[in-house]
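S.K.: For reference, the structure I am asking about is given below.
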Amino acid sequence: MKFVAGLGNPGRRYEGTRHNLGFLIIDQIGRQQQISVTQKLCDSLVGEWSRDGEPVLLIKPQTYMNRSGAAVQCLLDRCGGSAQALLLIHDDLDLTFGRLRIRPGGGAAGHRGVLSIMESLAGGSFYRVRVGIGRPPIGSEPVDYVLEPFTQEEAEQLEPVVSRGADAVLCLLREGGQRAMEQFNRAP
C-alpha cells in the first residue's frame, strides 16, 4: 500500500492559503481518479483507490500543520505501512512559486508539518513533492506569509501548478522516483 499525504490546515479560514497547497493537490488527484477524500480516519480525511492492483490512500491530516505527524503515523500503523511507503506533498518557501522539486529524503527546512512527520516516523526516509510558494516580501514574516491567501497573480497560475503537482505524484507512483525527478524537477 502507498500513502500519499498532502499537508495543510483544516477549516475555511485556511482554504486558499499558501500552506494548503498539499490539500489542493490531494483534491486534484481525487478528482482525476474519481475518488472522494472524505472518509474520517486517524484525525484525517482519506480516500482510497487501487492503482494497478496496489492500494493507494490519499490523506489530508486534520490536526493542523504542526501535528500532522501524529495523524500520518496513526494511518501507517493502522494499515501496516512504513515511512518508505509514504509520499508527502507540501509547500516550500525556498522554491519560486510553482516550481516542483521531488526528493527521496532530506530535512524539514523549517517546515513544521514536515518536521512533525519526521519526528513521528523517527526520521524515516520518504519521498517529498515540494511545491514552491516563494519567499515572503521583505518585512513579512514567513509564518504569516504561508497563512495568507494567494495573490491575484498567484491565483491565476494556481490551476496549472496544482495539476502539475498531481501529475508529479501520479508519475512517482507509476514510474518511480528517478523518472519522476527527471521529469518534474526541471523548471516548467
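S.K.: I need the full set of residues from the range 1-26 which are without any contact (Cβ under 8 Å) to a residue 60 or more places away in the chain and surrounded by fewer than 20 Cβ atoms within 10 Å (Cβ to Cβ), in order please.
M.R.: If the condition is that a residue be without any contact (Cβ under 8 Å) to a residue 60 or more places away in the chain and surrounded by fewer than 20 Cβ atoms within 10 Å (Cβ to Cβ), then 10, 11, 12, 13, 15 are the ones that fit.
S.K.: Any residue in the range 159-187 that is among the polar types (S, T, N, Q) sitting within a Cβ distance under 8 Å of a residue that is in a helix (DSSP H, G or I)? List the pairs, counting only those 6 or more apart or interchain.
M.R.: Final answer for the pair search is 163/28; 183/168; 183/171.
S.K.: Within the range 1-47, restricting attention to residues that are among the charged types (D, E, K, R) and at pLDDT 95 or above, which residue is nearest to residue 156 (Cα to Cα)? Talk me through it step by step, then tell me what you get.
M.R.: Taking the range 1-47 first, the residues among the charged types (D, E, K, R) are 2, 12-13, 15, 18, 27, 31, 40, 43.
Keeping just the survivors that are at pLDDT 95 or above gives 2, 18, 27, 31, 40, 43.
Numbers: 2: 32, 18: 14, 27: 18, 31: 20, 40: 32, 43: 32 Å.
So the residue we want is 18.
S.K.: What residue, among those in the range 103-119 that are under 25 Å from residue 151 (Cα atoms) and out of contact with any Asp or Glu (no Cβ under 8 Å at 6 or more places or on another chain), is surrounded by the fewest Cβ atoms within 10 Å (Cβ to Cβ)? Walk me through how you get there before you give the answer.
M.R.: Filtering the range 103-119 for residues under 25 Å from residue 151 (Cα atoms) gives 109-114.
Among the residues that remain, those that are also out of contact with any Asp or Glu (no Cβ under 8 Å at 6 or more places or on another chain) are: 110, 112-114.
On the way: 110: 12, 112: 18, 113: 27, 114: 24.
Taking the candidates together, the pick is 110.
S.K.: May I pose another question? Take the residues in the range 37-58 that are small (Gly, Ala, Ser) and surrounded by 12 or more Cβ atoms within 10 Å (Cβ to Cβ), then tell me which one is farthest from residue 117 (Cα to Cα).
M.R.: As a first pass, look at the range 37-58 and keep what is small (Gly, Ala, Ser): 44, 47, 50, 53.
Still in the running and surrounded by 12 or more Cβ atoms within 10 Å (Cβ to Cβ): 44, 47.
Working: 44: 14, 47: 20 Å.
Only one residue fits best here, namely 47.
Per-residue answers, yes or no, for (1) polar (S, T, N, Q); (2) farther than 24 Å from residue 41 by Cα; (3) crowded, with 21+ Cβ neighbours inside 10 Å; (4) within 15 Å of the chain's Cα centre (by Cα):
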position	(1), (2), (3), (4)
123	no, no, no, no
129	no, no, yes, yes
159	no, yes, no, no
178	yes, yes, no, no
182	no, yes, no, no
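S.K.: Restricting attention to the range 51-93, which residues are in a helix (DSSP H, G or I) and closer than 25 Å to residue 148 by Cβ? Write out each step before concluding.
M.R.: Of all residues in the range 51-93, those in a helix (DSSP H, G or I) come to 65-79, 83-85.
Matches in the range 51-93: 65, 66, 67, 68, 69, 71.
S.K.: Moving on to the next point. Checking residue 71 against (1) at pLDDT 95 or above; (2) in contact with a Phe, Trp or Tyr (Cβ under 6 Å, 6 or more places away or on another chain), only one condition comes out false. Which one?
M.R.: Tallying (1) at pLDDT 95 or above; (2) in contact with a Phe, Trp or Tyr (Cβ under 6 Å, 6 or more places away or on another chain), residue 71 fails exactly one: (2).
The values are calculated or read from the model by the stated rules, or taken from the named source; none is laboratory data. Please read all numbers here as calculations on a predicted model, not as lab measurements. Every residue, glycine as well, gets a Cβ built from its backbone with ideal geometry; the counts of neighbours run over all protein chains shown.
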